[in-house]
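Student: Sharing a structure with you now.
The values are calculated or read from the model by the stated rules, or taken from the named source; none is laboratory data. Here the structure is a predicted model, which is why all the values come from computation and not from measurement. As a convention, Cβ positions derive from the backbone with ideal geometry for all residues, glycine included, and neighbour counts pool all protein chains shown. Protein only, heavy atoms only, side chains kept; ligands, DNA and RNA dropped before computing areas. Shrake-Rupley method; radii C 1.70, N 1.55, O 1.52, S 1.80 Å.
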Amino acid sequence: MSIDMAQFHQVFFEESFEGLDVMETGLLNLDMGDVDDEEINTIFRAAHYIKGGSGTFGFTSVSDFTHVMETLLDEMRDGRRQVTQTAVDVLLGSVDCLREMLTAISDEQDVDEARVAEHKKTLEIELNGGEVKTDSATETGSEAVVSEAGTITDSSVNSDGEQGWHIAFSPHAHLLKTGNDPVRMFRELSHLGELTATVDFQGVPGFYDLDPEECHLSWDLKIAGDIPEAEIDDIFDWVEEECDLAIQPLSAKSTKAEQSAATQTVDESIQAKTEKTPLQAETAKPVPATENSKPKNDKNKEAAKSGAKGSSSIRVDTGKIDTLINMVGELVITQSMLSLVGEHFELNKLDQLKNGLSQLERHTRELQESVMNIRMLPISFVFSRFPRLVHDLSTKLDKKIELVLVGENTEVDKTVVELLSDPLVHLVRNSLDHGIEMPADRIAAGKPETGTITLEAYHRGGNIVIEVKDDGKGLNKDVLRAKAIEKGLIDEAAILTDKQTYELIFMAGFSTAEKLTDVSGRGVGMDVVRRNIQTLGGNIEIISELGKGSTIAIHLPLTLAILDGQSIAVGDERFIIPLGAIIESVNVNESMINRVAGKGETFRLRDEYIPIVRMHEIFGVKTAQALKLTDGLLVVVEGQGMRCGLFIDDLLGQQQVVIKSLEANYRKVEGVSGATILGDGSVALILDIPGLVRLSNQ
Amino acid sequence: MASILAVDDSASMRQMVSFTLKGAGYTVVEAVDGVDALNKAKGQKFDCVVTDVNMPNKDGITLIKDLRGLPDYKFIPMLMLTTESGMDKKQAGKAAGATGWIVKPFNPEQLLKTIKKVLG
């Protein structure tokens, strides 16, 4: 039977990446002075697993590489090797390398052989040059001898043209208790050739001494046929230590007639106890790993091919699925109840119908919540990579930094989790590089030598807030301002609030680092970060105090699939405005409106002039009722720090809407971020507020 | 048809073992570690146990030892999945009462062949 191993690849990759994370976390947690055995064990198990899996699923280069790591870890685990910082660093490097290999294989890309080889060499140097004398050299030596001996035995068998084997098999009394059974072994033997078995009852004690759970019989077996010794060995492999065993080739010339006579001689040979030497016993063992583990890139790729088709999967807590199944059950009950009502409907069943419908509504809502819940992942999926990042970077920059993670179990939509990773890395790098001062500067400033970076996540309303907080030097407003003027980003005379000054760092082409480092400060950065966050429907704000530190807070919607919206009416059309974007809604009178030639209309709201966007004009709605600004409503919305007033007929209700992509089904439309289907089946467009604000300010 | 308890903390290995054995007509119950396996083994009598060695909570060798102590599992074949480097593990396993071992990495055919050896 042939089994397509590729079907297990996806799970294997997922587990391997998890294993790598476990190893990484474990390695970072290792305290040089006082090594936790369980920690080492966990790391070892992860490596061990990846090795075993990759071997089984045919990724030989991976298993080959992991083998070296495993050996190193094994020695640490057994206390034969000291855990040193160098060794940990080498292992961390190997984790990275392994991650790259696995990513490459799962993406069906080429593995960077040179890099792998280099890392493997570093590992091997660590393994051999460490503080322990390894016996790998002697092992290899003995393996060579073994295989040599093996060849000799096998070839001698063949050249002599042996016709079978004589086996004297006396199990020890406790053999049965290991779950082994002579009968099964004989059955196996009989598959190899014609088997003749003679049983010896002599060892059986008297009836009263007989323990039925013990084995007191021994056997004399003859098996005819041209059978390699290794196959016989295989069968007895598991019981070698639980029996007296002698395997002898039958005489080449012995014929059937002579066999009974020959028994005598064979018996003698048994008495001579010419047992197999341990060396020969080794021949049955599998080929040493080195032989079949040469990096075979093509094969690796082949093996990965059907397994990873770029499909993304998600691990879901069984509890969540149970809830879901429960909900569906409830829904089915409600449905059958309703159909019962509908079958013979009479007016007096109206109450029942109403009941049923409200139940249906409740169940649907709960079902929706449970389904959304499946996509929710703890933010720790993103946070978990930071201890490593901070460890590496602080070493590189010679800074002392402690990373504090808060609220790791806060759950957020999978898409958000994935898209959040890069912006966060950027922010943490910035804090590390620009925020936290050098130890000496910190002491001089009267702060603790070790700086602290806090990553915190929490829910607020329908949003998740993620804060990157550092106790570094904070943002210097004067420096920011000077820099912005120098770069021509703002006018020298510009009057900026604190908030606006801090937000300068989000402008393209702004970098305050005095020198560019490879840690951060490539000039592209914060503007990209802000754009990414805004694409996710979120916003980003900065709070900073000079000398005390900065906090950057990211606000994001919990999910990208559902939106809290305000539906509005413009003529016959319905639009949805994301609730979070709405500042207020106002009626205007003529005195508030200004018309600027060539620049459109604005209205004054308290001391601010806000551009007006006439929705019916932009979207070409001919049925609009309010054509004069004073007749309708102005909804003030904010996007990208700028405001505009949307001129509409009326506000309708607030509701949660499911976002359907317009791009996927039609094409991108400016000012519209998606569409949704309303309760009556009609389609409403969801407004892209930042886009509209941009339009209005042009 | 014989029932088999497959124990491995790695989901992919467990799936592979279970899928292979089910494909050959065996009834397979999966367990994620030694503790889980022991509980499942107490609830139902299996004809064979296949277990990984390195596992959290309770490793394969301790599991075999514990199972052998149960009257139902006195003579049941128990196989451990081990790597070629684990000779000392084999010894420890045998001492705990393991019937035999399957050397990792193995392919489905090798697994079935070995299972047939003990179950027929």
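Student: What FRET efficiency would be calculated for the residue pair A:ASP209, A:THR103, taking the C-beta separation as r and a Förster radius of 56 Å, to the nearest 0.05?
Tutor: Numbers: r = 65 Å, r/R0 = 1.17.
E(calc), rounded to 0.05, equals 0.30.
Student: In this model, which of B:LYS22/B:LYS58; A:LYS469/A:LYS499; B:LYS42/B:LYS89; B:LYS45/B:LYS65; A:LYS400/A:LYS469 are farther than 20 Å apart at the alpha-carbon? The partial results should precede the final answer.
Tutor: On the way: B:LYS22/B:LYS58 25 Å; A:LYS469/A:LYS499 17 Å; B:LYS42/B:LYS89 25 Å; B:LYS45/B:LYS65 16 Å; A:LYS400/A:LYS469 16 Å.
Pairs exceeding 20 Å: B:LYS22/B:LYS58; B:LYS42/B:LYS89.
Student: Using a 1.4 Å probe on the protein heavy atoms only, what accessible surface does A:LEU629 show? Give it in Å² to the nearest 10.
Tutor: Approximately 10 Å² for this residue.
Student: Report, as an integer, the average count of C-beta atoms from other chains found within 10 Å of each Cβ along A:69-75. Show your work: numbers first, answer last.
Tutor: Details: counts 0, 2, 1, 0, 0, 2, 0.
Other-chain Cβ atoms within 10 Å of each residue's Cβ, averaged: 1.
Student: Points 7 angstrom from Cα along the Cβ direction at A:LYS622 and A:THR364: gap in nanometres?
Tutor: Calculated label separation equals 3.4 nm.
Student: Would you please name the trypsin sites (Lys or Arg not before Pro) within segment B:13-120 that are DSSP coil residues with at most 13 other C-beta atoms within 10 Å of their C-beta? Kindly include the intermediate steps, with their values, before the conclusion.
Tutor: Details: sites: B:ARG14, B:LYS22, B:LYS40, B:LYS42, B:LYS45, B:LYS58, B:LYS65, B:ARG68, B:LYS74, B:LYS89, B:LYS90, B:LYS94, B:LYS113, B:LYS116, B:LYS117; in loops: B:LYS45, B:LYS58, B:LYS74.
Qualifying residues, ordered by number: B:LYS45.
Student: Where does each of A:HIS459, A:HIS426 land when they are ordered by accessible area, with a 1.4 Å probe and the largest first? Before the final figure, lay out each step's value.
Tutor: On the way: A:HIS459 95, A:HIS426 45 Å².
So, going from the largest accessible area down, we get A:HIS459, A:HIS426.
Student: For segment A:562-697, what's the relative contact order in percent, using C-alpha pairs closer than 8 Å and at least 6 residues apart? Intermediate results must be reported in sequence, preceding the final value.
Tutor: Values: 288 pairs, mean separation 40.6, N = 136.
Here the relative contact order equals 30 percent.
Student: Using a 1.4 Å probe, how large is the accessible area of A:GLU231, given in Å² and rounded to the nearest 10?
Tutor: 80 Å²
Student: If you don't mind, another one. What is the Cα radius of gyration of segment A:562-697 over 2.2 N^0.38 Å, N being its residue count?
Tutor: Details: Rg = 14.4 Å, N = 136, 2.2 N^0.38 = 14.2 Å.
Cα Rg divided by the expected 2.2 N^0.38 Å: 1.01.
Student: Output the relative contact order of segment A:318-374, whole-number percent, from Cα pairs under 8 angstrom with separation of 6+ residues.
Tutor: Numbers: 27 pairs, mean separation 32.4, N = 57.
The value is 57 percent.
Student: What is the interface area between chains B and A, defined as buried accessible area summed over both chains with a 1.4 Å probe, reported in Å² to the nearest 100?
Tutor: Values: alone 6010 and 38140 Å², together 40710 Å².
Roughly 3400 Å² of accessible surface disappears when B and A pair.
Student: Considering Cα pairs under 8 angstrom that are at least six residues apart, work out the relative contact order of segment A:1-118 and quote it in whole percent. Mind dumping the intermediate values first?
Tutor: Values: 93 pairs, mean separation 29.6, N = 118.
Over segment A:1-118, the number comes to 25 percent.
Student: Assuming a viscosity of 1.306 mPa s and a temperature of 10 °C, what translational diffusion coefficient in µm² per second does Stokes-Einstein assign to segment B:17-108, Rh being the Kirkwood radius over Cα pairs?
Tutor: Numbers: Rh = 13.3 Å.
My calculation gives 119 µm²/s for D.
Student: Counting only protein heavy atoms, what percent of the accessible surface of segment A:318-374 is carbon or sulfur at a 1.4 Å probe? If you can, show how the numbers build up before the last one.
Tutor: Details: 2420 of 4010 Å².
Percent of accessible area from carbon and sulfur atoms in segment A:318-374: 60.
Student: Evaluate the charge dipole of segment B:28-113 about its Cα centre and quote only its size in Debye, nearest 20, assuming +1 on the Cβ of each Lys and Arg and -1 on the Cβ of each Asp and Glu.
Tutor: Working: 12 positive and 11 negative charges, 61 e Å.
Around 300 debye, computed over segment B:28-113.
Student: Rolling a 1.4 angstrom probe over the protein chains, ignoring ligands and nucleic acids, what is the accessible area of A:ARG362 in square angstrom, nearest 10?
Tutor: Rounded to the nearest 10, the figure is 100 Å².
Student: Right, something else. Using only Cα atoms, what Kirkwood radius does segment A:3-52 have, in angstroms?
Tutor: Values: mean 1/r = 0.0847 Å⁻¹.
Over segment A:3-52, the inverse of the mean reciprocal pair distance is 11.8 Å.
Student: Taking loop as defined by DSSP and a crowding limit of 14 other beta carbons within 10 Å, which trypsin sites (Lys or Arg not before Pro) in segment A:647-698 fit?
Tutor: Working: sites: A:LYS660, A:ARG667, A:LYS668, A:ARG694; in loops: A:ARG667, A:LYS668.
Answer in residue order: A:ARG667, A:LYS668.
Student: Right, next: Can you give the convex hull volume per residue for the Cα atoms of segment A:5-133, as a whole number of Å³? Don't skip to the answer; put the middle values down first.
Tutor: Numbers: hull volume 11.5 nm³, N = 129.
Roughly 89 Å³ of hull volume per residue.
Student: How compact and how long is segment A:378-557, expressed as Rg and Dmax of its alpha-carbon atoms in Å?
Tutor: Rg and Dmax of segment A:378-557, Cα atoms, are 16.0, 47 Å.
Student: So how do A:TYR208, A:TYR49 rank on accessible area, 1.4 Å probe, biggest first, that is with the largest at the start?
Tutor: On the way: A:TYR208 210, A:TYR49 35 Å².
Result, largest first: A:TYR208, A:TYR49.
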